[in-house]
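Undergrad: My questions will all concern the structure given below.
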Amino acid sequence: MVFKLEDIDKAAEWVLKVVGDKRVIAFYGGMGAGKTTLIKAICKKLGVEDIVTSPTFAIVNEYADGNGDPVYHFDFYRIKKLEEVRDISFDEYAYSGYFCFLEWPELIEDLLPEDTIKISISETDEKREITSTT
């Protein structure tokens, strides 16, 4: 799917449709590709009322969706060793059954659940293209 920023809500709907009943979604893309912006739009579609920001320093932010269920948002950009991810009990989040949105997942590939949905975002001029693989 190709979208412009003003179409971000449509892109979020597309992602949620692609995801189906899966709950761990890994977002791949370079710096400034729009990973956080897309995750914000998805959270909005899920009924999250909190301010959604990238947890670059905290590693994980927790929000509540429209049903009061947790939504976890990870940013692994600053991870140096997989041990740091194990120390925060990532697997408990990943297998919780709740949404887990992952930025910079390529840094923790070995820890991703087998059924992780992988969303790639690439930039082309003023547009973004998103693709999905499972």
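Undergrad: Check whether at least one residue in the range 54-61 is under 19 Å from L112 (Cα atoms), polar (S, T, N, Q) and free of Cβ contacts under 8 Å to residues at least 40 places away in the same chain, and report yes or no.
TA: Yes, the range 54-61 contains a residue that is under 19 Å from L112 (Cα atoms), polar (S, T, N, Q) and free of Cβ contacts under 8 Å to residues at least 40 places away in the same chain.
Undergrad: Might you check whether a residue that is under 16 Å from the mean Cα position of the chain (by Cα), in a strand (DSSP E or B) and within 21 Å of I130 (Cα to Cα) occurs anywhere in the range 27-44? First the steps, then the outcome.
TA: Our first condition is that a residue be under 16 Å from the mean Cα position of the chain (by Cα); within the range 27-44, this holds for 27-44.
Subsequent filtering for residues that are in a strand (DSSP E or B) retains 27-28.
Restricting the remaining residues to those that are within 21 Å of I130 (Cα to Cα) gives 27-28.
Looking through the range 27-44, at least one residue is under 16 Å from the mean Cα position of the chain (by Cα), in a strand (DSSP E or B) and within 21 Å of I130 (Cα to Cα).
Undergrad: Something else about it: For the range 60-113, which residues satisfy the criterion of being among the acidic types (D, E) and assigned to a strand (DSSP E or B)?
TA: Result: E62, D75, E103.
Undergrad: Of (1) assigned to a loop (DSSP other than H, G, I, E, B); (2) over 26 Å from E126 (Cβ atoms); (3) not hydrophobic (A, V, I, L, M, F, W, C), T53 satisfies all except one. Which?
TA: Among (1) assigned to a loop (DSSP other than H, G, I, E, B); (2) over 26 Å from E126 (Cβ atoms); (3) not hydrophobic (A, V, I, L, M, F, W, C), the lone unmet condition for T53 is (2).
Undergrad: Determine, yes or no, whether I130 is modelled with pLDDT under 95, over 23 Å from K17 (Cβ atoms) and crowded, with 17+ Cβ neighbours inside 10 Å.
TA: no
Undergrad: Something else: Name, by its number, the condition in (1) at pLDDT below 95; (2) of a type outside the set (G, A, S); (3) under 15 Å from S132 (Cβ atoms) that does not hold for L5.
TA: (3)
Undergrad: For residues that are under 18 Å from T36 (Cβ atoms) and not hydroxyl-bearing (S, T, Y), scanning just the range 64-77, find the one that is surrounded by the fewest Cβ atoms within 10 Å (Cβ to Cβ).
TA: Checked the range 64-77; the qualifying residue surrounded by the fewest Cβ atoms within 10 Å (Cβ to Cβ) is D65.
Undergrad: May I ask you to list the residues in the range 78-115 that are loosely packed, with under 15 Cβ neighbours inside 10 Å and among the hydroxyl-bearing types (S, T, Y)?
TA: Result: S89, Y95, S96.
The values are calculated or read from the model by the stated rules, or taken from the named source; none is laboratory data. If you're wondering where the values come from, they're calculated on a predicted model, not measured in any experiment. A quick note on method: Cβ atoms are made from the backbone with ideal geometry, for glycine too, and the neighbour counts reach across all protein chains shown.
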